[in-house]
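Below: the structure, in structure tokens.
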Amino acid sequence: RQYMTGRSFVPLSLTELMDKLKITPQHKQIFREVLDTLIKSGDVELAKGRYHWKEDRSEVVSGVIRMHHRGFGFVETDDRTLSKEDVFIPKHLTNNAVDGDHVEIIINHESFSEKGPEGRVINILKRGRTHIAGIIRDFDKHGDIIAYAPILGLSQKVVVDPAGNKNLVVGDRIIMEVIEWGSKDTETTARFSQFLSHISDHQGDTKAA
């Protein structure tokens with residue numbers, strides 16, 4: 001996406017694209033499948049043996065996303081010459097990014113709100129954190145610990161490995177090390193790292209915050 005939306009891109013054949021992107025021959029089939037997916041999504045058109053990028057009014061850039069507690073975010077682009085303003089990312093287009101992530105976004109210059117130019121996250125290049133805070137809210141039928149992580153929102157299920165700590169109870173506020181980030185369709189998995197306090201212990205509110 002980033003290569004094909006560059007200002008200097010011209011339509012290329014499959015072989016030429018593989019050469020430009022340094023795709024090895026053994027990955028030709030999966031690369032063809034990627035291009036087919038882009039064609040089906042309407043982003044790319046195959047004409048006369050060459051692949052054309054159809055989103056002429058869109059631009060792929062990278063930057064750091066800062067999330068608002070209401071779920072939307074703003075991306076400060078790495079190259080400020082591409083977008084002097086922060087790019088507004090609506091809640092449904094954040095692609096499960098969290099505050100501080102280094103992301104790739106598509107800017108849609110035809111969509112401009114009072115918050116500035118709009119875009120959508122298409123890739124998370126690097127996570128901005130390795131640990132998150134949460135509250136144990138349940139134990140499922142398999143004995144797995146289920147936690148709520150405010151930074152991920154209520155809809156994101158977090159399954160926690162107790163890492164040897166068998167004394168955790170519902171209501172404990174903890175720090176978790178993320179093992180695998182989930183998506184809107186998959187759970188996030190984490191490992192217990194540090195105990196903060198129980199929600200009934202008001203003396204622990206400051207530490208938890």
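The values are calculated or read from the model by the stated rules, or taken from the named source; none is laboratory data. A quick note: this is a predicted structure, and the numbers were derived from the prediction, not measured. Every residue, glycine among them, receives a Cβ derived from its backbone with ideal geometry; neighbour counts consider all protein chains shown. The accessibility values were calculated without ligands, DNA or RNA, using every heavy atom of the protein model including side chains. Shrake-Rupley method; radii C 1.70, N 1.55, O 1.52, S 1.80 Å.
The figures follow:
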item: Whole-number accessible area per residue in Å² for region 80-146, which is evaluated in the context of all protein chains at 1.4 Å; result: 55 Å²
item: Cα-based convex hull, region 91-170, per residue volume (Å³, whole number); result: 121 Å³
item: Reach of Lys166 by Cα under 17 Å, taken over lysines that are not fewer than 8 positions away in the same chain; result: Lys141
item: Relative counts (whole %) of C-alpha pair distances in the chain, using bins that are 10 Å wide; result: 8, 27, 26, 21, 13, 5, 1
item: Candidates Ala147, Ala163, Ala133: whichever shows maximal mean-square fluctuation once the chain is modelled as a Gaussian network with Cα springs under 10 Å; result: Ala163
item: Förster radius 41 Å - calculated FRET efficiency between Val169 and Gln29, Cβ distance, rounded to 0.05; result: 0.20
item: Percent of Cα pairs exceeding the 18 Å cut-off, where the set is region 129-184; result: 24 percent
item: Most mobile of Asp36, Asp161, Asp86 in a GNM of the chain (Cα contacts under 10 Å); result: Asp36
item: Rg and Dmax [Cα atoms of region 2-76; Å; Rg one decimal, Dmax integer]; result: 15.4, 48
item: For region 39-149, the spread of Cα positions along each principal axis, largest first, Å; result: 57, 34, 23
item: Theoretical ellipticity at 222 nm over the chain - DSSP helices of four or more residues, -39500 (n - 2.57) apiece, nearest 500; result: -3000 deg cm²/dmol
item: Set Lys54/Lys84; Lys20/Lys40; Lys22/Lys91; Lys91/Lys126 screened for pairs whose C-alpha atoms are more than 31 Å apart; result: Lys22/Lys91
item: Three-way shape call for region 50-99 based on the alpha-carbon gyration tensor, with the a/c threshold at 1.5; result: oblate
